Amino acid sequence: LHHEGVSRGFADDPREVAAYRRRLSPEPDPFLSPHLSRALERFEIAPRRSIRDRSRPLRALCVSHNLNHEGAPQHQYDVAVALARDHGIDSVVLSPHEGPLRAFYERAGLEVNVEPHPLAGAGDAAAHAHAIARFGERLRALAADVVYANTIHAYHAVAAANAAGIPVTNI
């Protein structure tokens, strides 16, 4: 149980916060999303800007766990098609499983890649880390400017994008 303020009181001492930040600033917090601000304490998104080649459209890699007409994959289809149609964003879909949405994506002019799941066979921590790094290389090879993963089933895409330095969005 956490009893707020029992051991140290309720007053915040700015010197204590400054000392804490000085002590920990060189080390990233492994439990804090790299997308959250370390300077703000309210779990706000850290503003950042990526530099990309503006001579081509923004390329969004949409990672889905399947291509079925259901919940998250259907929502991702709607978003990807709208981004391409309304904003000229080059959306590319990556999924480990075929499904009826593939034909819909292709009719909308979007590229679809059905490939084995990048974590298939990764049975221990070392194999998992290697698979994430390899998938990060795949994301770079696809020239992704941003990765869009909308379910926990695509957590590997978030981890790989973070490892590859590619911005991630979760809608």
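Results, tabulated for the structure shown:
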{"item": "Enumeration of residues in the range 76-103 that are in contact with a helix residue (DSSP H, G or I) (Cβ under 6 Å, 6 or more places away or on another chain) and in a helix (DSSP H, G or I)", "result": "77, 101"}
{"item": "Breaking point among (1) out of contact with any His (no Cβ under 7 Å at 6 or more places or on another chain); (2) at pLDDT 90 or above; (3) open to solvent by less than 30 Å² (accessible area, probe 1.4 Å); (4) in a loop (DSSP other than H, G, I, E, B), for residue 139", "result": "(4)"}
{"item": "Any hit, the range 139-147, residues being among the small types (Gly, Ala, Ser) and touching a helix residue (DSSP H, G or I) at 6+ places or on another chain (Cβ under 6 Å)", "result": "no"}
{"item": "Verdict on residue 109 being open to solvent by less than 60 Å² (accessible area, probe 1.4 Å) and of a type outside the set (Phe, Trp, Tyr)", "result": "no"}
{"item": "Residue list for the range 67-106, restricted to those being among the aromatic types (Phe, Trp, Tyr) and open to solvent by 30 Å² or more (accessible area, probe 1.4 Å)", "result": "77, 104"}
{"item": "Where residue 41 falls short, out of the listed (1) open to solvent by 100 Å² or more (accessible area, probe 1.4 Å); (2) at pLDDT 90 or above; (3) within 29 Å of residue 163 (Cα to Cα)", "result": "(2)"}
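The values are calculated or read from the model by the stated rules, or taken from the named source; none is laboratory data. As the structure is a computational prediction, the values presented were derived from the model and not from experiment. Every residue, glycine as well, gets a Cβ built from its backbone with ideal geometry; the counts of neighbours run over all protein chains shown. SASA here: full protein model, heavy atoms, side chains in, ligands and nucleic acids out. Shrake-Rupley method; radii C 1.70, N 1.55, O 1.52, S 1.80 Å.
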